[in-house]
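Beneath this line is the structure, given in structure tokens, with notes to follow.
The values are calculated or read from the model by the stated rules, or taken from the named source; none is laboratory data. Remember, predicted model here, so these are calculated numbers, not experimental data. Quick reminder, even Gly has a Cβ in these numbers, built from the backbone with ideal geometry, and neighbours come from all protein chains shown. With ligands, DNA and RNA removed, areas are computed over all heavy atoms of the protein, side chains included. Shrake-Rupley method; radii C 1.70, N 1.55, O 1.52, S 1.80 Å.
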Amino acid sequence: MSWIRRYRPGRGDRSLAVILVLLLFSLEAPAFEPEPPVGTEVWLVTYGPGEVYWQRFGHNAIWVRDSRLGLDHTFNYGFFDFEQENFFLRFLMGRMLYFSAAQEAAVEFAQYTAENRYIRAQRLELEAPQQEMLIRRLLEDIQPENRDYLYDYYRNNCSTRVRDALDRAVDGVLKKSSDSAMAPQTWRDHTRRLTAGDFWLYLGLESVLGVYVDRPISLWDEMFIPGVLAEVVGNSQGWVSEDRMLFDPTREAAPGEALTVWPRYLLASLVVLALAWLSGRWLPLTALARTWFTLSGLAGLLVLFFWFGTDHLVAGLNMNVLVFNPAWLVFAFWKRSWRLALPVVAVVSSASLAIALLPGQYTADVVAAFLPISLAAAWVLHRSAKR
């Protein structure tokens, strides 16, 4: 899934990409060199995660090869345009517009090969009417009047759109077989496992995602991950006649389950406190404490904004608002409140720890990263007030 993806090749890009893919195929000895299709072929193509943060979840497409229609194109739903009106405001408010498009398969494969991301192709065993229905729908979806859609990270993304297109072609069989089966991992589990290698991306997502992503989901919902959709289709009897790895990268595979990484954030928090203590020789510790409470309080206002002021459903009911507490702004700007800083922060910290230990919303990483700093800042202000 490409949460942020933009690629609209021009003629020069297309020529260069074709040359690149031909060179790579000749040098790498690929596992699959497609011959000209006889009749119609429909493939589910899955691309592995990439290095850049918007590539962490992978991506997918439907590859149609039809000699009669002159098609050898991939259809996918992962395009967007930075130049669309109010792009960043729409992104902030949770109203991102993505669009579907088709491009020559060789061009798209060259792009992902150059990014060192795996390319898996599964040939689908669809009956002629099902193929015709699917191709007609794909062609309709790329028309200017139909191509835009309101993007949602978990419920309406590039992978769920591919899933829905396939499900319509088989008269709802895919949903019937997966909607009642519970997924082994939640939306948060997948988010954590696929972003664990990026220190700041992981922590940022953990800070803004609320309890909604922790609820149990069905296997149907879990197919927001392209790799999960590929596995479900591959394990469905009679769906796949060929399963080929078109490009096998050297990149290390993503972990299969969410990792326990809160110790690294606790360590980072302790390092920050040590540096703050050392800098106390040149800077007043009370100034550092007030700066921290200012930043943490503003972060709390941002959490509330995402919760109540935007369409980001997954940012609602976010218990991290206890850690990033807007009330901390009182300690930052009202000196008479400093005597209350330590007991108040201690009580809120106890509540945050209880939430982290109990089932519900997973908050362990955020608590480990920020709670020690808040406690230390409260201690500094409380001690200064007593003096």
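The 3J(HN,Hα) values that the Karplus relation (6.51, -1.76, 1.60; θ = phi - 60°) gives for the range 295-309 are, in residue order, 5, 5, x, 5, 4, x, 5, 5, 4, 5, 4, 5, 5, 9, x Hz. Gly and Pro appear as x. Relative to the longest principal axis of the Cα atoms of the chain, the long axis of helix 128-141 makes an angle of roughly 50 degrees.
For Leu295 and Ala327, calculate 0.36 nm times their separation in residues minus their Cα-Cα distance, and state this gained length in nm to one decimal.
Separation in residues times 0.36 nm, less the Cα-Cα distance, equals 10.4 nm.
The value of relative contact order for the chain, using C-alpha pairs under 8 Å at least six residues apart, is 17 percent.
By how many degrees, between 0 and 90 and to the nearest 10, does the Cα long axis of helix 11-28 differ from the longest principal axis of the chain? The angle comes out at about 80 degrees.
Remark: C-alpha extents of the chain on the principal axes read 86, 44, 38 Å, sorted largest to smallest. A full extension of the chain between Glu51 and Val347 corresponds to an added length of 102.5 nm, given 0.36 nm per residue minus the alpha carbon distance. Taking every protein chain into account, the accessible area of the range 121-215 amounts to 46 square angstrom per residue (probe 1.4 Å).
Packing-based ranking of 253-264, 372-383 yields 372-383, 253-264, ordered from highest to lowest mean Cβ neighbour count within 10 Å.
Rounded to 0.05, the FRET efficiency of the Asp171 and Phe87 pair, given R0 = 41 Å and the Cβ-Cβ distance, is 0.65.
A crude spin-label estimate for the pair Asn235 and Leu270, with each label 7 Å from Cα along the Cβ direction, gives 4.0 nm. Structure remark: mean-square fluctuation, Gaussian network model of the chain, C-alpha springs under 10 Å; the largest value among Leu288, Leu138, Leu124 belongs to Leu288.
Between Leu357 and Ala128, how high is the FRET efficiency from 1/(1 + (r/R0)^6) when r is the Cβ-Cβ distance and R₀ = 51 Å? Nearest 0.05. Efficiency, from the Cβ-Cβ distance: 0.35.
Using the Cα coordinates of the range 43-150, the gyration tensor eigenvalues translate into equivalent-ellipsoid semi-axes of 26, 19, 11 Å, sorted from longest to shortest. Taking the C-alpha atoms only, the angle from helix 199-208 to the longest principal axis of the chain is near 80 degrees. In the context of the full set of protein chains, the range 308-387 has a per residue accessible area of 49 Å² (1.4 Å probe). If you roll a 1.4 Å probe over the chain with all protein chains in place, what percent of the accessible area is carbon or sulfur? Exposed carbon and sulfur together represent 61 percent of the surface.
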